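These notes concern the structure reproduced below.
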Amino acid sequence: MTRRRTAAAAALFALLLPLPLAAAGTAAAADPPPPASASAPASVSVAEDSRTALELPRPTGRFPVGQDTLHLVDRSRTDPWAKSGPRELMVTLRYPAQRGTGDGPARYLTDEEARLLLIDRGLDQVIPVETLTGTKTYSRPGARPAGGRHPLVVLSPGFSVPRATLTSLAEDLASRGYVVAAVDHAYESVGTEFPGGRVLRCLACEQTGSEAGYRKVTDTRALDVSFLLDRLTGRHPAWRHAGVIDRARIAMAGHSIGGASAVAAMAADSRIGAGINMDGGLHTPVPETGLAGRPFMLLGAQSSAPGGMRSWDLGWPGLDGWKRWITFADSGHFTFTDFPAMAEQLGLPDQEAPLPGGRSVELTRRYVAAFFDQHLKGRPQPLLDGPSPDAPEVRFHTP
């Protein structure tokens, strides 16, 4: 790698790993702080070869992946951040598809979403927009769905980052036979593009900063998810292929504050049969009455072991169904997203979270899929019973 390319890649690494400061899994002052931010070089010129081609790991399931995008408007609610107008969502649906159908592959981010992400980190003069928008995905817009009915998994991203950050996980689940709905919650990302050329910025970022503020985020997202389920599984669904969803098998997972929102959503909506929190503080506490015996998994970074995440210590006894508390050694807050795999391709692994990017994606996919296979498809998964020789990084905790 040339010196100039190294500088540009270092700047991209600074972009990927620190985001977001506000929701890096801290549910109380005693919870661990977010990873330290890498700093971009003070003076970096844009090199021609800085347009590094990035590629997400290939999905591991037997199905090709189809993709649709929905714009949903909940006119029964006023947006809590804009304080005017209805609540809106952008949703990317990925699903098992028929081979040889559809266009694509889909873009990772739009130009404007990528541009705003770069500006937010002060890197718009360093990294070409194409570095992010050109990331190779495996989803094919407009592909015909595979036959049969499939479980539905809702994915919610971390605070201030777009739903695209969970693309690798979403594509893999779809390839394994799940319909996956990844949600952008309006005004909670540095930039989400909506129809008509509107780009909604992170108004929530200006209105949070306290535990009460973060709880407002998770409680709001719980309402968003209930509305989404109404529009996907109700009598008049918004998605043209909604008939492939098995309404009796629905689950949710999320990263950071999106994972915290899984608890809030399950507490509010009995249709969600299982949930996973990937390294998010429990801003909405587990109800005193539990989650009606529904299964839940805490999947965290190394620092989120017992004693490291206070809200998990407090919430664990209230999880009253099948449950697991699992962490990955040498991992960080963003291990469960696409970011480590991107940084690895640039030759810049995170020194504070040395678990390789490819391995981060592999382990996240493996344990998330095992959880859903067991609890949505009824297939027992010995992987979830305890440590495995082929996964020495994985720690099981029984506080």
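The values are calculated or read from the model by the stated rules, or taken from the named source; none is laboratory data. Quick caveat: nothing in here was measured; it's all calculated off a predicted structure. Quick reminder, even Gly has a Cβ in these numbers, built from the backbone with ideal geometry, and neighbours come from all protein chains shown.
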> On the given criteria, is Pro349 in a loop (DSSP other than H, G, I, E, B), at pLDDT below 95 and surrounded by fewer than 18 Cβ atoms within 10 Å (Cβ to Cβ)?
Replying inline: yes
> Which residues, counting only those in region 272-294, are surrounded by 22 or more Cβ atoms within 10 Å (Cβ to Cβ) and touching a residue at least 60 places away in the same chain (Cβ under 8 Å)?
Replying inline: Ile272, Ala274, Ile276, Met278, Asp279, Gly280, Gly281, Leu282, His283, Thr284
> Quick check: anything in region 201-208 buried (at least 23 other Cβ atoms within 10 Å of the Cβ), hydrophobic (A, V, I, L, M, F, W, C) and touching a residue at least 60 places away in the same chain (Cβ under 8 Å)?
Replying inline: yes
> Out of all the residues in region 260-281, is one or more in a helix (DSSP H, G or I) and more than 21 Å from the chain's Cα centre (by Cα)?
Replying inline: no
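State all residues of region 235-253 that are aliphatic (A, V, I, L, M), outside any strand (DSSP E or B) and more than 16 Å from Pro96 (Cα to Cα); if no residue qualifies, say none. Before you say what the answer is, go through the steps one by one.
At the first step, the residues of region 235-253 found to be aliphatic (A, V, I, L, M) are 238, 242, 244-245, 248, 250-253.
Now narrow it down to the ones that are outside any strand (DSSP E or B): 238, 242, 244.
Within region 235-253, just Ala238 meets the criteria.
Quick check on my filter: what residues within region 81-119 are in a loop (DSSP other than H, G, I, E, B) and farther than 20 Å from Ala186 by Cβ?
Of everything in region 81-119, those that are in a loop (DSSP other than H, G, I, E, B) and farther than 20 Å from Ala186 by Cβ turn out to be Gln98, Arg99, Gly100, Thr101, Gly102, Asp103, Gly104, Pro105, Ala106, Arg107, Tyr108.
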> When the residues of region 120-134 are filtered to those that are part of a loop (DSSP other than H, G, I, E, B), over 20 Å from the mean Cα position of the chain (by Cα) and farther than 20 Å from Cys202 by Cα, which remaining residue is modelled with the highest pLDDT?
Replying inline: Pro128
> Of all the residues that make up region 138-148, how many are outside any strand (DSSP E or B) and touching a helix residue (DSSP H, G or I) at 6+ places or on another chain (Cβ under 6 Å)?
Replying inline: 1
>> For region 169-179, check the following and say yes or no: at least one residue is touching a Leu at 6+ places or on another chain (Cβ under 9 Å), in a strand (DSSP E or B) and at pLDDT 95 or above.
In response: yes
>> Can you go through Glu352, Glu393 and tell me which one is touching a Pro at 6+ places or on another chain (Cβ under 8 Å), farther than 20 Å from Gly293 by Cα, of a type in the set (Asp, Glu) and in contact (Cβ under 8 Å) with a residue 24 or more places away in the chain?
In response: Glu352
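Only one residue in Thr364, Thr337 is buried (at least 22 other Cβ atoms within 10 Å of the Cβ), of a type in the set (S, T, N, Q) and part of a loop (DSSP other than H, G, I, E, B). Which one?
Result: Thr337 is the single residue among Thr364, Thr337 that is buried (at least 22 other Cβ atoms within 10 Å of the Cβ), of a type in the set (S, T, N, Q) and part of a loop (DSSP other than H, G, I, E, B).
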